[in-house]
Structure formats: structure tokens, C-alpha cells
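Structure record follows, encoded as C-alpha cells.
The values are calculated or read from the model by the stated rules, or taken from the named source; none is laboratory data. Keep in mind that this is a model prediction, so the values were computed, not measured. Virtual Cβ from ideal backbone geometry, glycine too; neighbours counted across all protein chains shown.
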Amino acid sequence: MPKRNRNRKAAPERPKRTKAGPKSTGKPKLKGAKTKPDPSDGPDTETRFVQPYQATKAYLCPGCGRDIPKGTHHLVAVPKSEPDLRRHWHKGCWDLR
């Protein structure tokens, strides 16, 4: 008969997992993240959802710095005051900003 290595009753309890992710501390999430305000973060920003069949080019996400390959759904943030400064974001990066 195999021997147990530890007594299960004496083991300390593990913290329970929650569905909520880590709490935001207000610090940048990535090293080297921008500290200047981005015009696409303003209250007058319009967001549009881009369907995979509409995404015909590859873009760079400003949230994580990774590619958004063509054919991938994502968001476009367009500041109403400066429409030339539109940015393409992964949906998850936009939600976590």
C-alpha cells in the first residue's frame, strides 16, 4: 500500500480562487509603458468594432505592443477632435487599459 507524504488534515488551506483578476494598483502594467496621456483615452473617443472579414491589414496594438494580424477582430479608437490619431486595439487590451 502506498504511503502518503503528508497529513491532509494538517495542511494549510490554500486561498480560494476568484473570477476577478488581479486588482489594479494604478501602475503601468508593462515595463516601458507610456506614461503620457494618449488622445485615444479621452472621453470624446469613439470606438468601433472591426469584424474579422473587415480587417485586411496588420496593425500594432498600443496596449500590449503586439501585432494584430489581418483577419482578427479588434477595436478602433478614434478621438473625435483628432481623427487622424486613430488606434487599433485588441479588445482585451482596451478593456484592461
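Can you confirm whether Tyr53 is modelled with pLDDT of 90 or more and surrounded by 10 or more Cβ atoms within 10 Å (Cβ to Cβ)? The answer is no for Tyr53.
Could you check how many residues of the range 59-72 are in a strand (DSSP E or B) and charged (D, E, K, R)? Matching residues across the range 59-72 total 1. The set of residues in the range 73-97 being part of a loop (DSSP other than H, G, I, E, B) and under 18 Å from the mean Cα position of the chain (by Cα) consists of His73, Arg86, His90, Arg97.
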